[in-house]
Amino acid sequence: MRIFLYLKSLIFKLINKVFGRTAVFIIILGWFLLISGIWMFLQPERAKRSLAGRGFGFAKGCLLILALFLGMLLLSISSRMSGIVSLAILIAGVLLLVRAYILLRRKTSQKISAWVEKMPVKFLKIYAIIQAVIGTAMLLLHKRIWH
């Protein structure tokens, strides 16, 4: 029985050590979730545009990482060759890569915008309520959980 009390105390100390220093972060995140949840509930059309922008930012980041990876692969392949062929492959590859990146970015933006526009307002309001409740819970339960 004593070992369980010791383990419980040890786990509590470990959790408090790891998450105890995040109190300010929890308060800031809680207020952000609460305010943005209320904002999304009151103005769902503006929230749609905001969600589309955030989704596009994430997709654009993924496309950029993919383009950089392919660029490094292209550089690796062209460095194994020698002469003018290597330079021609490198220049053609970079031009194709930039063109593909711009084209995919435009297509991704159109797809995300179309998907978000189809999203019903009811779904956004439910999402906003859940977000506001989570933010409120973080603010109300902050002292109880971490102190």
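The numbers here are math on the coordinates, done by the rules we state, and not lab data. Predicted, not measured: the structure shown is a model, and the values here were computed from it. For neighbour counting, all protein chains shown are included, and Cβ atoms are generated from backbone atoms with ideal geometry for every residue, glycine included.
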Problem set entry | Candidates VAL133, VAL116, VAL98, ranked by Gaussian network fluctuation over the chain, Cα under 10 Å, top entry | VAL98
For this session: Across the chain, how many lysine pairs, 8 or more positions apart or on different chains, have C-alpha atoms separated by under 30 Å? Please give the number.
Result: 21
Problem set entry | Net length gained if the chain between VAL121 and LEU95 were fully extended (0.36 nm per residue, minus Cα distance) | 5.2 nm
Seminar exercise, completed: Under the helix-only model (-39500 (n - 2.57) for each DSSP H run of 4 or more, divided by the residues of the chain), the mean residue ellipticity at 222 nm, to 500 deg cm²/dmol, is -32000 deg cm²/dmol
Seminar exercise, completed: With label points set 7 Å from each Cα along the Cα-to-Cβ direction at ILE130 and LEU87, the distance between them in nm comes to 5.7 nm
For this session: Could you pull the Rg and Dmax for the chain, using just the Cα atoms, both in Å?
Result: 24.6, 77
For this session: Quick one: among ILE11, ILE89, ILE129, which has the greatest mean-square fluctuation in a GNM of the chain with alpha-carbon springs under 10 angstrom?
Result: ILE11
